[in-house]
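> Sharing a structure with you now.
Each value in this text was obtained by applying a stated rule to the coordinates, not by laboratory testing. Treat the numbers as computed from the prediction; the structure is a model and nothing was measured. When we count neighbours, we look across all protein chains shown, and the Cβ atoms used for this are built from the backbone with ideal geometry, even at glycine.
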């Protein structure tokens, strides 16, 4: 049976790698994106994966987006809550807008999307829900009270929903990546990477987006049917939870 997967933030960075990894397993993938039309168009042209633009922080927009995807492609079996943004500032300089934007995109989105697919998964007796948390949701990070709170919230959300859905054939798990070689991380000055980041990663390198994609593929597979409510850390040993 061909599974249908929705990956939020699925056209760039880690999301792109996840979308491609799931496609390689034979899944039919829909990639959500929020704003970069040019990047989404290029991704669709290159990969053949359809893209769907809607605001993951808006409940009604998610409801409409899911309805469109299911009408065009089919019922969603695998949901990957990957969409995320940063608005970094120390708390004493952080405005309510900086806080709310990150909470809405990184955490509320998981509720919006999961709520939109959960009834169908329960009815069909199968589902895979995977949320992309972060090492900084486990250990905290200077200037990221909003981001760390949202990513930590995903871990709590995962555990609660896993308990609620375990008897329905649905697994709910999280992945907490460390520093991954995305465009955002590569934009950090080389000196900072070499002196402030790599020395604290025991394996001595950044992670690759494809490595997170393979984590998702495993958790989405039938082989992972006995794993639920878990957080898979993928950070090169930087933080051992």
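> Compute the normalised compactness of the chain: alpha-carbon radius of gyration over 2.2 N^0.38 Å, N being the residue count.
Ratio of Cα Rg to 2.2 N^0.38 Å: 0.96.
> Then there is this: Please identify which residues in segment 133-165 have an amide N closer than 20 Å to a label point set 7 Å out from the Cα of residue 95, following the Cα→Cβ vector.
Only 143-148 pass the distance filter.
> Still on this model: For a quick check, take a GNM of the chain with Cα springs below 10 Å and name the residue from 108, 45, 182 with the largest mean-square fluctuation.
45
> Points 7 angstrom from Cα along the Cβ direction at residue 142 and residue 196: gap in nanometres?
For the pair residue 142/residue 196, the computed spacing is 0.7 nm.
> Only helical DSSP H runs with n ≥ 4 go in: add -39500 (n - 2.57) per run for the chain, normalise by residue count and round the 222 nm mean residue ellipticity to 500 deg cm²/dmol.
About -13000 deg cm²/dmol.
> To continue, here is another question. Which angle between 0 and 90 degrees, to the nearest 10, do you get for helix 145-165 versus the longest principal axis of the chain when only C-alpha atoms count?
30 degrees
> Considering the chain as a Gaussian network with a 10 Å cut-off on Cα pairs, which listed residue, 40, 11, 224, attains the greatest mean-square fluctuation?
224
> Between residue 166 and residue 123, what length comes free when the chain is fully extended (0.36 nm per residue of separation minus the Cα-Cα distance, one decimal in nm)?
Residue separation times 0.36 nm, minus the Cα-Cα distance, leaves 14.2 nm.
> Give me the one-decimal nm value for the distance between modelled label points at residue 59 and residue 39, 7 Å along each residue's Cα-to-Cβ direction.
About 2.9 nm separates the two model spin labels.
> Which angle from 0 to 90°, rounded to the nearest 10, does the C-alpha axis of helix 37-47 make with the longest principal axis of the chain?
It is inclined by approximately 60 degrees.
> Which percentage, to the nearest 5, of the DSSP beta bridges contained in segment 1-78 is antiparallel?
The antiparallel fraction comes to roughly 0 percent.
> Expressed as an acute angle from 0 to 90° and rounded to the nearest 10, what is the orientation of the C-alpha long axis of helix 13-24 relative to the principal long axis of the chain?
Helix 13-24 and the main axis of the chain meet at about 40 degrees.
> Where Rh denotes the Kirkwood radius from the mean inverse Cα pair distance, what is Rg over Rh for segment 109-241? All intermediate terms of the calculation are to be shown ahead of the outcome.
Numbers: Rg = 16.1 Å, Rh = 15.8 Å.
In segment 109-241, Rg relative to Rh is 1.02.
> I've got another one for you. Top mean-square fluctuation among 110, 67, 176, Gaussian network model of the chain, C-alpha springs under 10 Å?
In the Gaussian network model the winner is 67.
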